[in-house]
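J.: Please see the structure below; I have some questions.
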Amino acid sequence: MGLKKTEQKEYAKFLYTEKNLTQKEIAEKVGVTEKTLKTWIDANDGEWKKLKKSLMTTKAQQITKLYDQLARLNEEIESRPIVTKSMTTPVKLDKEGKPMFKAPEYDPVILSNYPTSKETDSIAKITNAIHKLEGEVSIGETVQIAMTFCEYVREIDFPLSQTISEYFDMFIRQQLK
């Protein structure tokens, strides 16, 4: 005996969002046509696609990328040479090749290994983004917990697991808006 339509759809959603399978492979496993599967995928403003994307872009990956950006920015700043105004001013030399002027007592720094105001702003924004990501739960993590919980309940009470799954689906849709 085959799966009910709702079970097929739930299984297809799981395979689409969690596994790296083609639509043809999913349709075959679930026992529906590719056209039916595409209809399910495109339903509700592409909810499945949004869900798959959110699951594939994990919070840990985002945090790692931000830390990498911060490290590259800091390395660039630290490796910069110190440049003063006199270093960028053309110098006239005498016949012996010596400068014809005395270096000023105050020689303003044009570029150094301290961050500029724009770099400081970028550092602050990256740091705030990291802090925010480390403190929040992603939609992907919420879905994973929901799926694990539904699988647990399914072993105990299948009809109840279907009801809980429907409520989680509504909750996730609300979060994606």
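The values are calculated or read from the model by the stated rules, or taken from the named source; none is laboratory data. Since this is a predicted model, take the numbers as computed values, not measurements. Positions of Cβ are generated from backbone atoms using ideal geometry, with glycine treated the same way; all protein chains shown enter the neighbour counts. Protein only, heavy atoms only, side chains kept; ligands, DNA and RNA dropped before computing areas. Shrake-Rupley method; radii C 1.70, N 1.55, O 1.52, S 1.80 Å.
J.: Could you list, in sequence order, all residues of the stretch 122-168 that are of a type in the set (A, V, I, L, M, F, W, C), under 18 Å from the mean Cα position of the chain (by Cα) and under 23 Å from Glu7 (Cβ atoms)?
T.: Once the filter is applied, which keeps residues that are of a type in the set (A, V, I, L, M, F, W, C), under 18 Å from the mean Cα position of the chain (by Cα) and under 23 Å from Glu7 (Cβ atoms), the stretch 122-168 yields only Val143.
J.: Of all the residues that make up the stretch 1-12, how many are open to solvent by less than 60 Å² (accessible area, probe 1.4 Å), at pLDDT below 85 and not polar (S, T, N, Q)?
T.: Residues flagged as open to solvent by less than 60 Å² (accessible area, probe 1.4 Å), at pLDDT below 85 and not polar (S, T, N, Q) within the stretch 1-12 amount to 1.
J.: So which helices (runs of 4 or more DSSP H) stay within the stretch 1-69 end to end and still have 2 or more residues that are within 25 Å of Asn128 (Cα to Cα)?
T.: Per the criteria, 34-56.
J.: Checking Phe149 against (1) assigned to a helix (DSSP H, G or I); (2) modelled with pLDDT under 80: exactly one of these is not met. Which one?
T.: Result: Phe149 fails condition (2) only.
J.: Could you list all residues from the stretch 13-55 that are among the β-branched types (Val, Ile, Thr) and either under 20 Å from the mean Cα position of the chain (by Cα) or crowded, with 16+ Cβ neighbours inside 10 Å (or both)?
T.: Answer for the stretch 13-55, where residues must be among the β-branched types (Val, Ile, Thr) and either under 20 Å from the mean Cα position of the chain (by Cα) or crowded, with 16+ Cβ neighbours inside 10 Å (or both): Thr17, Ile26, Val30, Val32, Thr36, Ile41.
J.: Give me the pairs, please: first residue somewhere in the stretch 62-82 and on the phi < 0 side of the Ramachandran plot, second residue anywhere and not β-branched (Val, Ile, Thr), beta-carbon distance under 6 Å, and either six or more positions apart or on two chains.
T.: Close Cβ pairs satisfying both conditions: Gln62/Leu133; Ile63/Leu133; Leu66/Ala129; Ile77/Asn113; Ile77/Pro115; Glu78/Asn113; Arg80/Asn113; Ile82/Ser112.
J.: Sticking with this one: Considering the stretch 45-73 alone, what residues qualify as being modelled with pLDDT of 80 or more, in contact with a Leu (Cβ under 9 Å, 6 or more places away or on another chain) and of a type in the set (S, T, N, Q)?
T.: Listed by number, the list holds a single entry, Gln62.
J.: If a residue must be at pLDDT below 80 and open to solvent by 100 Å² or more (accessible area, probe 1.4 Å), how many such residues does the stretch 83-109 contain?
T.: Matching residues across the stretch 83-109 total 7.
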